[in-house]
Amino acid sequence: MQKTFTPEDVIRFAYGEMEISEAMAFRSEIEDCRETAKELRSINEVRDLLDVSSGHPRKATIQAILNYSRALQIEPTSIEGLSAEMVMN
């Protein structure tokens, strides 16, 4: 019986998360199936792009978030015996 590989299997193979026996069967699959080989190439390209990206926000973005946080003040208030918090900015 031949295993049918899913897109999740292609990702697992690309990230080295398959058992050796399963990876060997997958290698046979990509040798026989152009579509699976093409999908693997695409996933490898995306993985490589993700590895290269810095993944850090720009300093201006961090500063904008901090400025917004400083401007947002929550103050307790009470109206005729009721207690609530008000957002003041």
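The values are calculated or read from the model by the stated rules, or taken from the named source; none is laboratory data. Small disclaimer: the values here were computed from a predicted structure and weren't measured. Cβ atoms come from the backbone with ideal geometry, glycine included; neighbour counts cover every protein chain shown.
Collect the residues in region 1-21 that are without any contact (Cβ under 8 Å) to a residue 12 or more places away in the chain and either surrounded by 10 or more Cβ atoms within 10 Å (Cβ to Cβ) or not in a helix (DSSP H, G or I) (or both), keeping them in residue-number order.
Answer for region 1-21, where residues must be without any contact (Cβ under 8 Å) to a residue 12 or more places away in the chain and either surrounded by 10 or more Cβ atoms within 10 Å (Cβ to Cβ) or not in a helix (DSSP H, G or I) (or both): MET1, GLN2, THR4, THR6, ARG12, GLY16, GLU17, MET18, GLU19.
Residues in region 41-62: is at least one polar (S, T, N, Q), in contact with a helix residue (DSSP H, G or I) (Cβ under 9 Å, 6 or more places away or on another chain), surrounded by fewer than 10 Cβ atoms within 10 Å (Cβ to Cβ) and modelled with pLDDT under 90?
No: region 41-62 contains no residue that is polar (S, T, N, Q), in contact with a helix residue (DSSP H, G or I) (Cβ under 9 Å, 6 or more places away or on another chain), surrounded by fewer than 10 Cβ atoms within 10 Å (Cβ to Cβ) and modelled with pLDDT under 90.
Restricting attention to region 63-89, and to residues there that are part of a helix (DSSP H, G or I) and among the hydrophobic types (A, V, I, L, M, F, W, C), which single residue is modelled with the highest pLDDT?
ALA64
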